[in-house]
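Let me begin by presenting the structure, written as structure tokens, before commenting on it.
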Amino acid sequence: MIHFILLFSRQGKLRLQKWYTTLPDKEKKKIVREIVQIILSRNQKTSSFVDWKDLKLVYKRYASLYFCCAIEDQDNELLTLEIVHRYVELLDRYFGNVCELDIIFNFEKAYFILDEFIIGGEVQETSKRSAVKAIEDSDMLQETVEEYMNKPAF
Amino acid sequence: RIGYLGAMLLLDERQDVHLLMTNCIKNDLNHSTQYVQGLALCTLGCMGSSEMCRDLAGEVEKLLKTSNSYLRKKAALCAVHVIRKVPELMEMFLPLVPQLVRILKNLIMSGYSPEHDVSGISDPFLQVRILRLLRILGRNDDDSSEAMNDILAQVATNTETSKNVGNAILYETVLTIMDIKSESGLRVLAINILGRFLLNNDKNIRYVALTSLLKTVQTDHNAVQRHRSTIVDCLKDLDVSIKRRAMELSFALVNGNNVRGMMKELLYFLDSCEPEFKADCASGIFLAAEKYAPSKRWHIDTVMRVLTMAGSYVRDDAVPSLIQLITNSVEMHAYTVQRLYKAILGDYSQQPLVQVAAWCIGEYGDLLVSGQCEEEPPIQVTEDEVLDILESILISNMSASVTRGYALTAIMKLSTRFTCNVNRVKKVVSIYSSSIDVELQQRAVEYNALFKKYDHMRPALLERMPVMEKVTINGPTEIVQSNGETESAVLETKPPPSGLQPVSQVMETDLRLFSTAYQTTLLTTANSKLEMVSLLLLCLFAFSGIPSITAYNKNGLKIDFTFERSNTNPSVTLITIQASNSTELDMTDFVFQAAVPKTFQLQLLSPSSSVIPAFNSGTITQVIKVLNPQKQQLRMRIKLTYNHKGSAIQDLAEVNNFPSQSWQ
């Protein structure tokens, strides 16, 4: 199972964090700081896997963003790389040619997409089409309510 | 939506607010819109606490059975989370398992589906999941393992390896093959796949391959040997984690045939690797050399190369074992001491190297000076030069306190080995009797005393150390050999008649001090041992009525322990053992040895004799001193060896029934 997912920029700013285990806030901050430091200090030539405490960190860099997942010992690291890639594809499909700004300004949508893809640390939906469709349908429901609320009242 | 998002991100089980959410989630789980239900399930799956899970498990189960596949998926994952949190609820979800398994088995045979694929490989996530499930199912079950063999072979051969996805699936397949009870052909296939991975340029794949090979090397040793050269090449990789794994794997692969070649590579690696590896690498090399050394000379050469290359990273406990190794290879003494002397001639900053060298020079200095070496052209060394080196070690700022101790003892030993420099030794020893370092001072004072009052005994005391037996007992215990052997050998030169009792007692005192000095050199235990001995000799022991116990009673041999606590040092317990023999024949050559856990220190004094007469007509007594600074429960392992009815008998036993007053 995935313990947590972190997205951070090359300057070390955290863009997204999703935790599938319960930890106190202070711990989370400490862990984030530690991991950002470890990963930013690795150069191009090193492998994408890091042994950290009793978890394995799998990270991949897309343009200016680092995607980092922490998985348990018995999980398949190569598959986790695929999971990260699949998430990026979903974002791309939804936003259309996604870039870091999209994630910064629409972070709640990024979270929604992540929630459609992974629940409780496990992958739930492997079909790209259905995942994005589910988000779009929910968006439609949401908009309907908003539009309704924005209608001028007499 | 935003609400649930906020809840998931900001709240966790520790907040009280989330309890209020339970009702909210419950309502939403029964909402008509599937998306709302989905949201609720998602939230519950990500951050539900155990109380929440208990309350809502029923609803989740209901949703698991709906026909809506979108919801079913979410419910299933939510159920996984619930089970993780509250394992007792697993029974509720169990009946659904066979159904799920059947569905999965069908899926694996079905055709392609474009929206699920990644670069031409159909739904890798699902494939890997299924493989994992197969692994768990087949772990201990022969039948299911057989059924899986075909499909595993098919997957292994048909999957494309050009993309990462294919490799991910192959990796999972390999892991599964290793775990289930597969046939050997399949295992060889798996290891070949791993070998192919190793040749791949992608670091991730190499990393993964090395990790799995490490896991399999125990069981499929021969197959992994074939890839040995590739693994050794990985030692030269730039990536730190790959190097570490390659190093561990190389150590696991060393065996009698390839030890010379591997050792060369490993020594080269030791030279060039990062400092954090050096300690592990050095220990690994020592272990491997010990197990597979083709000849003593090679072993000693290797050991010395390690010492010179990575001397300061060698672990402290390696020094005594090295010394023991050197003593055991009797014919190599001259060669060894010559090599060591040359090594420290230029540079004596590497402490373990200097310690070993100092000890050897002390023991075998006469061989060095007389130039007896056969293996190498002997070098011309005079006694003065040797003493010069030892003195400079003593003076140097770089030497640790322990090293200085070694050097001083070595100089002392040389006083008997060398013929013309006794005065020089005396001078050095008396300088250090006022040294600030307590350990050095104590040793110097004792050696001084030896010169002044017991000069006639000096040669006998400073004799060469006998070859040491390595006694290993399982578990984290410290071994102290019975003092009986060294002391009885020396005492024989002056058998104590009853009239000279006080003199011999003082002698025994000095001897004990001296032999513990040897043992502190060899066993690197704390210096407090010497202080403890002197303390003990001076204090009185009050009889405090601690009950005695029978520690051992087998085959007619009975050993009783009686206890006394020291008045002046509450961590010290004095145990007097009495061994008696109820059979009809004497037990001869009786040796009692004891070992205690690491937090204790043990000292055995000499036994009253080594023969236990038959029919309980006499006993052997021996005193054991135990130092227990942490006041932990006293435990002891004892080893008894004796001759009885013409055969040698050995026995190991554990003593656990110490009364609490003996250690509290």
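Out of the stretch B:278-306, which residues are open to solvent by less than 60 Å² (accessible area, probe 1.4 Å) and of a type in the set (Phe, Trp, Tyr)?
B:286, B:298
State yes or no: is residue B:309 open to solvent by 30 Å² or more (accessible area, probe 1.4 Å), of a type in the set (A, V, I, L, M) and in contact with a helix residue (DSSP H, G or I) (Cβ under 7 Å, 6 or more places away or on another chain)? Outline the logic, then answer.
Values: open to solvent by 30 Å² or more (accessible area, probe 1.4 Å): yes; of a type in the set (A, V, I, L, M): yes; in contact with a helix residue (DSSP H, G or I) (Cβ under 7 Å, 6 or more places away or on another chain): yes.
Yes; evaluated as a whole, the condition is true for this residue.
Please verify whether the stretch A:15-27 includes one or more residues that are aromatic (Phe, Trp, Tyr) and under 21 Å from residue B:203 (Cβ atoms).
First pass over the stretch A:15-27, keeping only residues aromatic (Phe, Trp, Tyr): A:19-20.
Pick out the ones that are also under 21 Å from residue B:203 (Cβ atoms) and you get none.
No - not one qualifying residue is present in the stretch A:15-27.
Starting from residues that are at the interface with chain B (Cβ under 8 Å from one of its Cβ atoms) and either of a type in the set (Phe, Trp, Tyr) or surrounded by fewer than 21 Cβ atoms within 10 Å (Cβ to Cβ) (or both), keep the ones in the stretch A:112-122 and report whichever is nearest to residue A:14 (Cα to Cα).
A:112
Give me the residue from the stretch A:101-111 that is crowded, with 16+ Cβ neighbours inside 10 Å and part of a helix (DSSP H, G or I) and, out of that set, farthest from the other protein chains (Cβ to nearest Cβ). Can you show your working first?
So the first thing to find is which residues in the stretch A:101-111 are crowded, with 16+ Cβ neighbours inside 10 Å, and the list is A:102-103, A:106, A:109-111.
Add one more test, that the residue is part of a helix (DSSP H, G or I), and what stays is A:102-103, A:109-111.
Details: A:102: 17, A:103: 15, A:109: 10, A:110: 10, A:111: 6 Å.
Ranking the candidates gives A:102 first.
Restricting attention to the stretch B:596-648, which residues are of a type in the set (A, V, I, L, M) and open to solvent by 50 Å² or more (accessible area, probe 1.4 Å)?
B:611, B:648
Given the residues B:401, B:396, B:392, B:349, which is the only one that is surrounded by fewer than 20 Cβ atoms within 10 Å (Cβ to Cβ), touching an Asp or Glu at 6+ places or on another chain (Cβ under 7 Å), over 25 Å from residue B:329 (Cα atoms) and not acidic (Asp, Glu)?
None of the other options fit; the residue is B:401.
Of the residues in the stretch B:246-277, how many are open to solvent by 30 Å² or more (accessible area, probe 1.4 Å) and within 28 Å of residue A:42 (Cβ to Cβ)?
Here is the first cut: in the stretch B:246-277, the ones open to solvent by 30 Å² or more (accessible area, probe 1.4 Å) are B:248, B:251-252, B:255-257, B:260-261, B:264-265, B:268, B:271-272, B:274-276.
Right, trim to within 28 Å of residue A:42 (Cβ to Cβ) and you get B:248, B:251-252, B:265, B:268, B:271-272, B:274-276.
Matching residues across the stretch B:246-277 total 10.
Taking into account only those residues within the stretch B:612-641 that are modelled with pLDDT of 85 or more and in contact with an Asp or Glu (Cβ under 6 Å, 6 or more places away or on another chain), which is farthest from residue B:559 (Cα to Cα)?
Per the criteria, the residue is B:637.
For the stretch A:15-31, what are the residues that are in contact with a helix residue (DSSP H, G or I) (Cβ under 9 Å, 6 or more places away or on another chain) and within 12 Å of chain B (Cβ to nearest Cβ)?
A:16, A:17, A:18, A:19, A:20, A:22, A:23
What number goes with the only condition from (1) of a type outside the set (Ser, Thr, Tyr); (2) buried (at least 18 other Cβ atoms within 10 Å of the Cβ); (3) closer than 13 Å to residue B:552 by Cβ that residue B:651 does not pass?
Answer for residue B:651: the failing condition is (2).
Mind checking which pairs have a first residue in the stretch B:222-240 that is within 14 Å of chain A (Cβ to nearest Cβ) and a second that is buried (at least 16 other Cβ atoms within 10 Å of the Cβ), Cβ under 6 Å, 6 or more apart or different chains?
B:234/B:242; B:234/B:246; B:237/B:243; B:239/A:46; B:239/A:47; B:239/B:203
Look through the stretch B:280-326, keep the residues that are touching a residue at least 40 places away in the same chain (Cβ under 8 Å) and in contact with a Pro (Cβ under 8 Å, 6 or more places away or on another chain), and return whichever of them is nearest to residue B:380 (Cα to Cα).
B:307
Which condition breaks for residue A:125 when tested against (1) under 23 Å from residue B:43 (Cα atoms); (2) open to solvent by 10 Å² or more (accessible area, probe 1.4 Å); (3) assigned to a helix (DSSP H, G or I)?
Single failed check for residue A:125: (3).
Kindly evaluate residue A:38 against the criterion of being touching a Phe, Trp or Tyr at 6+ places or on another chain (Cβ under 9 Å), within 14 Å of chain B (Cβ to nearest Cβ) and assigned to a strand (DSSP E or B).
Here the answer is no, as residue A:38 does not meet what is asked.
Can you tell me how many residues within the stretch B:414-454 are of a type in the set (A, V, I, L, M, F, W, C), surrounded by fewer than 18 Cβ atoms within 10 Å (Cβ to Cβ) and under 38 Å from the mean Cα position of the chain (by Cα)?
Initially, the stretch B:414-454 is screened for residues of a type in the set (A, V, I, L, M, F, W, C), giving B:414, B:418, B:420, B:422, B:425, B:428-429, B:431, B:436, B:438, B:440, B:444-445, B:449-451.
Okay, now just the ones that are also surrounded by fewer than 18 Cβ atoms within 10 Å (Cβ to Cβ), so B:420, B:422, B:431, B:436, B:438, B:445, B:449, B:451.
Now drop any that are not under 38 Å from the mean Cα position of the chain (by Cα), which leaves B:436, B:438, B:445.
Within the stretch B:414-454, residues that are of a type in the set (A, V, I, L, M, F, W, C), surrounded by fewer than 18 Cβ atoms within 10 Å (Cβ to Cβ) and under 38 Å from the mean Cα position of the chain (by Cα) number 3.
Evaluate the stretch B:234-244: report whether one residue or more is within 26 Å of residue A:38 (Cβ to Cβ), modelled with pLDDT of 75 or more and among the β-branched types (Val, Ile, Thr).
yes
Would you check which residues across the stretch A:9-35 are at pLDDT below 90, crowded, with 19+ Cβ neighbours inside 10 Å and closer than 13 Å to residue A:59 by Cβ and list them?
Result: no residue meets the conditions.
Answer yes if at least one residue in the stretch B:30-38 is within 9 Å of another protein chain (Cβ to nearest Cβ), under 16 Å from residue A:111 (Cβ atoms) and at pLDDT below 70, and no otherwise.
No, the conditions are met nowhere in the stretch B:30-38.
With respect to residue B:354, is the statement that it is among the hydrophobic types (A, V, I, L, M, F, W, C) and open to solvent by less than 40 Å² (accessible area, probe 1.4 Å) true?
yes
Consider only pairs whose beta carbons are under 8 Å apart and that are at least six residues apart or on different chains; among these, list those whose first residue lies in the stretch A:95-120 and is over 21 Å from residue A:1 (Cβ atoms) and whose second residue is of a type in the set (Phe, Trp, Tyr) and modelled with pLDDT of 85 or more.
Once the first residue is over 21 Å from residue A:1 (Cβ atoms) and sits in the stretch A:95-120, its partners that are of a type in the set (Phe, Trp, Tyr) and modelled with pLDDT of 85 or more give A:102/A:95; A:106/A:95; A:109/A:94; A:109/A:95.
Which fully enclosed strands (runs of 3 or more DSSP E) of the stretch A:49-95 have 2 or more residues being open to solvent by 30 Å² or more (accessible area, probe 1.4 Å) and touching a strand residue (DSSP E or B) at 6+ places or on another chain (Cβ under 8 Å)?
Of the strands (runs of 3 or more DSSP E) lying wholly inside the stretch A:49-95, those with at least 2 residues that are open to solvent by 30 Å² or more (accessible area, probe 1.4 Å) and touching a strand residue (DSSP E or B) at 6+ places or on another chain (Cβ under 8 Å) span A:55-62.
The values are calculated or read from the model by the stated rules, or taken from the named source; none is laboratory data. Computed from a predicted structure; not experimentally measured. Every residue, glycine as well, gets a Cβ built from its backbone with ideal geometry; the counts of neighbours run over all protein chains shown. We work out accessible area using only protein heavy atoms, side chains counted, and drop any ligands, DNA or RNA first. Shrake-Rupley method; radii C 1.70, N 1.55, O 1.52, S 1.80 Å.
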